[in-house]
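Throughout, read-outs are computed from the coordinates displayed, never taken from laboratory work. Since this is a predicted model, take the numbers as computed values, not measurements. Here Cβ is always computed from backbone atoms with ideal geometry, including for glycine, and neighbour counts include all displayed protein chains.
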Amino acid sequence: MELHQLRYFCAVAESGNFSRAAERSHVSQPSLSQQIGKLEQELGARVFDRLRGGARLTAAGRALLPRARAALAELEAARGEVAERSATLRGPLAVGVIPTIAPYLLPLPLQAFTRHYPEARLTVVEEITPLLLDRLRAGSLDLAVVALPLPGRGREFAVAPLLEESACAVLPTHHRLAARARLSLHELRHEPFLLLRDGHCFRDTAVEACRRARWRPQVVFESGQFRSILSMVGAGLGVSLVPTMAVEPHPGCRFVPLAENAGRRTVAAASLRGRQLPRLADAFLEELRRAGAAPAIPGSINTGFRIGN
């Protein structure tokens, strides 16, 4: 039994005539008659008596009519509800983000998202990657904006790459290498290093870049924020690596791009694999992708952003 057959049946029952029902349904009369015939064949009973003056419901037709009308009304109600949900996105959305991304990437997307979806109830949590992943597992977060690769059992999570960025060396302005247009990471092997503390994924990125260059950084200062590291670099305490989104004018600091892809990272949105996300999550991701395509990053160097696939 097809829905269009029920529509044709109701049209004939209401008009009392196959020709008028066909005109009302915008089909030819033979097509409508054929579909009514198929409906009767499936039901195993005639629903209309074909009379010279029109069509009259049989007992089987009278029994079918209220149920056919109810089925079509339910369908229209469902369509209306889907259309309403499509027109206005509302409800809660919980997003986590790591500290090395939150202050640089999020402000513009958050402004745009809250402007476009005023009925959304957005919650943002800033934490290090392991704690964000725990919250995804617990269901208290819908999305987490993190850097790849994920630690541990990364297969638990579905990831959507948002953008890729390179890293820069940051040196005191009086440093012997500060005037260079580009540096090799190997040239920094004897320098004292200032890095994020354990638990921050960009620390792992920086240490891994040095390891690939076959040396281990001598860490003399650790912090949970890039701005603290920049202050110490500006004071001449040592050098560091920062992602390009963290490049910002800072007294006493000079940012120099690296000659290789050392320290390059992929920023992605992670969610618990198999969990159905609210439609607001797609809208939020779209705002993040727009920001990644045209980031507003201060500083005078080529930041090396590239939007992901």
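Quick rundown of the values:
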item	result
FRET efficiency estimate (nearest 0.05) - Cβ-Cβ, residue 181 to residue 277, R0 25 angstrom	0.05
Largest to smallest principal axis extent of the C-alpha atoms in the stretch 3-86, angstrom	47, 25, 19
Two-site FRET efficiency, residue 160 against residue 218, from Cβ-Cβ distance with R₀ of 45 Å, rounded to 0.05	0.75
Separation of the residue 41 and residue 63 label points, Cα + 7 Å toward Cβ, nm	2.2
Translational diffusion coefficient (Stokes-Einstein; Kirkwood radius from C-alpha pairs) of the stretch 49-174 at 4 °C, 1.567 mPa s, in µm²/s	65
Under the span-like rule (Cα at least 30 Å along the axis, Kyte-Doolittle mean at least 0.5), DSSP H helices of the chain	none
Positive dipole terminus of the chain, leading residue within 258, 242, 280 (C-beta point charges)	280
Debye, to nearest 20: dipole size of the chain, +1 on Lys, Arg Cβ, -1 on Asp, Glu Cβ	440
Antiparallel %, DSSP beta bridges [both residues in the stretch 1-137], to 5	35
Inter-site label distance for residue 228 and residue 28 at 7 Å from Cα along Cβ, in nm	8.0
Integer Hz, Karplus 6.51/-1.76/1.60 couplings in order for the stretch 238-247, x for Gly and Pro	x, 10, 8, 10, 9, x, 5, 5, 8, 6
Projected area averaged over orientations for the chain, convex hull of C-alpha atoms, nm²	22.7
Trypsin sites (Lys or Arg not before Pro) lying in DSSP loop within the stretch 19-115, provided at most 12 other Cβ fall within 10 Å	52
Neighbour cut-off at most 12 other Cβ (10 Å), DSSP loop, trypsin sites (Lys or Arg not before Pro), the stretch 185-216	214
Contour excess over end-to-end distance, with Cα ends at residue 197 and residue 114 and 0.36 nm allotted per residue	26.6 nm
Counting DSSP beta bridges with both ends in the stretch 167-257, the antiparallel % (nearest 5)	60
Relative contact order for the chain, counting Cα pairs under 8 Å that sit 6 or more residues apart, in percent	21
DSSP beta bridges in the chain [antiparallel fraction, %, rounded to 5]	60
For the stretch 251-288 versus the stretch 97-119, the gap between their alpha-carbon centres in whole angstrom	12
DSSP loop GluC sites (Glu not before Pro) with at most 13 other Cβ within 10 Å excluded, longest remaining stretch of the chain	120-309
